[in-house]
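Comments concern the structure below.
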Amino acid sequence: MKFRRPLVLLAILSFVLLLSNLVNVAVSGSKFSSNYPAVVCPSTPKDLTTAVSMPSVKSQIRLVGTKSLSFIPSQSLRYLQAKSPVILDSQGATPIVWQIRKGVWAGATICSSSQTEQWFVGGAADVTSKARLILVNSGLSSAIVDIEIWNEIGAQPTKAVTIKANSYSEIGIDTLAPGSKAVVIKTLTRAGRVTCYMLDERGRGLRALGGDLINFAVKAEKEVFIPAIPHTVRKDRNKTVELPHSLRILVPGEIDAHVTVTVFSTDGTFIPSGLENKLIKSGSVIALDLNPNMPASKFGVRIASDEPVVASVFSQTVAEGKSDFIWSTAAPALSKLTLSNSGLAPQLIFIGEEVKVDLELFFSNGKRKNLQAAGEGIATVKIPDGVRSISILKSAKGNYGAGLIATKSGYGYFPISAGSVLTKSSVPTSNIRVLTP
């Protein structure tokens with residue numbers, strides 16, 4: 001009896017300690033912190049103007065290349081960016097960037113988080129080109145990026161670039177592949193937090209030929225969807241002239257590819273003449289004429305291949321009487337996301353076998369409106385003025401989308417894609433086993 005009570009207390013204490021240890025083990029592996037990585041918006045080269053559509057006037061931003069690492073409120077829904085790139089804590093919304101050379105050309109892109117691999121299909125490095133590659137290191141340590149280049153001849157030597165912490169660099173495409181008429185560039189980040197952008201600007205002497213921001217693809221694929229291509233016409237001596245398109249394509253592997261191009265338009269779905277089971281040689285950049293012979297409208301394409309490819313479509317355009325050109329690039333399958341588009345009223349184009357996309361528009365006055373884009377092959381939605389954000393609530397499987405913006409300065413294109421995705425990281429939790437051997 002004398003030792004019974006202490007033994008009972010000791011047994012109870014041991015049971016409680018054992019039970020708490022088991023509970024800690026079970027819980028420690030299931031606690032996570034979820035957040036959206038900050039996105040990076042491109043720099044503003046000399047004599048250009050850049051406006052970033054912000055999710056909120058309280059959206060937190062900081063400039064790359066400055067000593068201050070503190071985030072401050074944007075204080076505007078349409079942030080006029082200075083020279084330096086901007087890092088933005090967008091909380092899951094994807095800002096649209098509108099960049100122009102006033103009265104000369106316009107282009108659009110989205111702010112994106114750091115990317116390991118990016119493909120830019122477009123641009124040139126000949127005497128007409130002023131194209132450049134913009135590399136932004138948003139991290140606090142040096143970054144290393146491999147730049148791989150292909151042109152109409154084949155693969156060119158890879159160039160390794162080191163970017164200082166919290167800085168950015170602009171590289172002329174003519175220094176990477178001098179004299180090339182058609183280029184494809186792949187950036188591969190080996191160290192650091194890097195986001196890349198590409199600007200294609202052209203001129204002949206003092207005459208400007210237009211410009212555009214070239215959006216990136218994340219990888220080469222056997223099926224590529226380019227949802228929004230503007231088919232415009234121009235009056236020339238009292239007759240209407242359809243402006244041409246060119247499909248740029250690269251098979252980066254070692255095996256030639258057989259490619260079929262399908263057009264999605266309001267006139268129906270069809271394969272243009274000469275673009276069925278077309279043999280594309282690997283290793284060099286190929287340009288194919290893409291002239292669908294249809295009224296002025298918008299269309300999209302699907303490129304099906306037996307080998308991974310990257311592709312884009314170059315189009316001459318006329319917007320509000322202004323001549324320009326545009327690069328329509330690949331877009332990923334639609335998912336739930338929100339685009340910030342303050343100050344912009346884009347036309348959204350969706351393609352797929354059966355298009356069905358549910359959207360919600362949030363206006364600057366606080367009102368909301370739900371609508372649906374539906375159709376066979378293609379469907380379009382014109383976003384009215386005053387919309388602050390566009391949310392994709394739901395979409396059918398195999399639907400893809402992009403936006404087109406037309407202004408007096410020119411035409412712009414952006415893919416409907418999330419600039420950053422929700423990431424999870426485990427949260428350290430206490431475990432009694434760290435106190436006991």
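The values are calculated or read from the model by the stated rules, or taken from the named source; none is laboratory data. All values derive from a computational prediction rather than experimental measurement. All Cβ positions, even for glycine, are placed from backbone atoms using ideal geometry, and neighbour counts span all protein chains on display. The accessibility values were calculated without ligands, DNA or RNA, using every heavy atom of the protein model including side chains. Shrake-Rupley method; radii C 1.70, N 1.55, O 1.52, S 1.80 Å.
Can you tell me the alpha carbon radius of gyration of the range 330-415 divided by the globular rule-of-thumb value 2.2 N^0.38 Å?
Here the answer is 1.05, to two decimals.
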Note the direction-averaged projected area, equal to a quarter of the hull surface, for the Cα convex hull of the range 252-383, in nm².
10.0 nm²
Hand me the trypsin sites (Lys or Arg not before Pro) from the range 125-207 located in a DSSP loop with no more than 12 other Cβ atoms within 10 Å, in residue order please.
none
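Based only on the alpha carbon positions, what is the Kirkwood hydrodynamic radius of the range 299-355, in angstrom?
Computed over Cα pairs of the range 299-355, the Kirkwood hydrodynamic radius comes out at 14.5 Å.
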In whole Å, what three semi-axes, largest first, describe the equivalent ellipsoid of the range 49-111 built from its Cα gyration tensor (square root of 5 times each eigenvalue)?
20, 14, 9
So, relative contact order of the chain in percent, Cα under 8 Å, 6 or more apart, is 18 percent
What is the gain in length, in nm to one decimal, between Arg237 and Leu80 on full extension, counting 0.36 nm per residue of separation less the C-alpha to C-alpha distance?
52.5 nm
Suppose a student asked you for the relative contact order of the range 269-340, using Cα pairs under 8 Å spaced at least 6 residues apart; what percent would you report?
17 percent
Could you work out Rg/(2.2 N^0.38 Å) for the range 114-202, with Rg from alpha carbons only?
1.04
Give me the dipole magnitude in Debye, nearest 20, for the range 167-239 about the Cα centre, with unit charges on the beta carbon: positive for Lys and Arg, negative for Asp and Glu.
320 debye
Please compute the Cα-Cα pair-distance distribution of the range 50-183 with 10 Å bins starting at 0, giving whole percents from short to long.
11, 35, 35, 17, 3
Taking a Cβ-Cβ separation under 4.7 Å as the criterion for a possible partner, which cysteines of the chain have none?
Cys196
Can you give the three extents of the C-alpha atoms in the range 213-292 along their principal axes, from longest to shortest, in whole Å?
49, 29, 22
Kindly provide the helix-only [θ] at 222 nm of the chain, computed as the sum of -39,500 (n - 2.57) over DSSP H runs of four or more divided by all residues, to the nearest 500 deg cm²/dmol?
-2000 deg cm²/dmol
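Antiparallel DSSP bridges in the chain: what percent, to the nearest 5?
Values: 146 of 149 bridges.
Counting only bridges with both partners in the chain, antiparallel ones make up about 100 percent.
Test of understanding: what is the full-extension gain from Ile271 to Ser364, defined as 0.36 nm times their sequence separation minus their Cα-Cα distance?
So the extension gain works out to 29.3 nm.
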Please report the carbon-and-sulfur percent of the accessible area for the range 344-402; probe 1.4 Å, protein heavy atoms only, DNA, RNA and ligands left out.
45 percent
Considering the options Asn137, Ala155, Asn166, tell which one lies farthest towards the positive end of the dipole of the range 124-166, charges being +1 on Lys and Arg and -1 on Asp and Glu at the Cβ, about the Cα centre.
Asn166
Setting aside same-chain residues fewer than 8 positions from Lys67, which aspartates and glutamates have a Cα under 19 Å from its Cα?
Asp89
Hz values of 3J(HN,Hα) by residue in the range 181-187 - Karplus curve (6.51, -1.76, 1.60), Gly and Pro given as x:
8, 9, 10, 10, 10, 10, 10
At a 1.4 Å probe, what is the % contribution of carbon and sulfur to the accessible area of the range 134-267?
49 percent
For Ala191, the residues 5 or more places away or on another chain with a placed amide H closer than 5 Å to its own amide H are Ile144
Violations at 27 Å Cα threshold for listed pairs Lys83/Lys130; Lys235/Lys278; Lys102/Lys356; Lys186/Lys278; Lys298/Lys408; Lys336/Lys369 -> Lys235/Lys278; Lys102/Lys356
Euclidean distance between Cα centres, the range 390-418 to the range 175-195, Å:
25 Å
Mind listing the Cα extents of the range 123-279 along all three principal axes, in Å, largest one first?
56, 42, 29
Quick check: net charge around Phe362, other residues with Cβ under 12 Å of its Cβ, Lys/Arg +1 and Asp/Glu -1?
+3
Spin-label pair Ser70/Lys382, simplified geometry with 7 Å Cα→Cβ offset, distance in nm
4.7 nm
Using the alpha-carbon centroid of each, what span in Å lies between the range 76-154 and the range 283-360?
18 Å
Can you tell me the 0 to 90 degree angle between the C-alpha axis of helix 4-28 and the longest principal axis of the chain, rounded to 10?
0 degrees
The simple spin-label model distance between Ser391 and Asn35, using points 7 Å out along Cα→Cβ, in nm, is 2.3 nm
Would you mind working out the accessible area per residue for the chain, using a 1.4 Å probe, and quoting it in Å²?
47 Å²
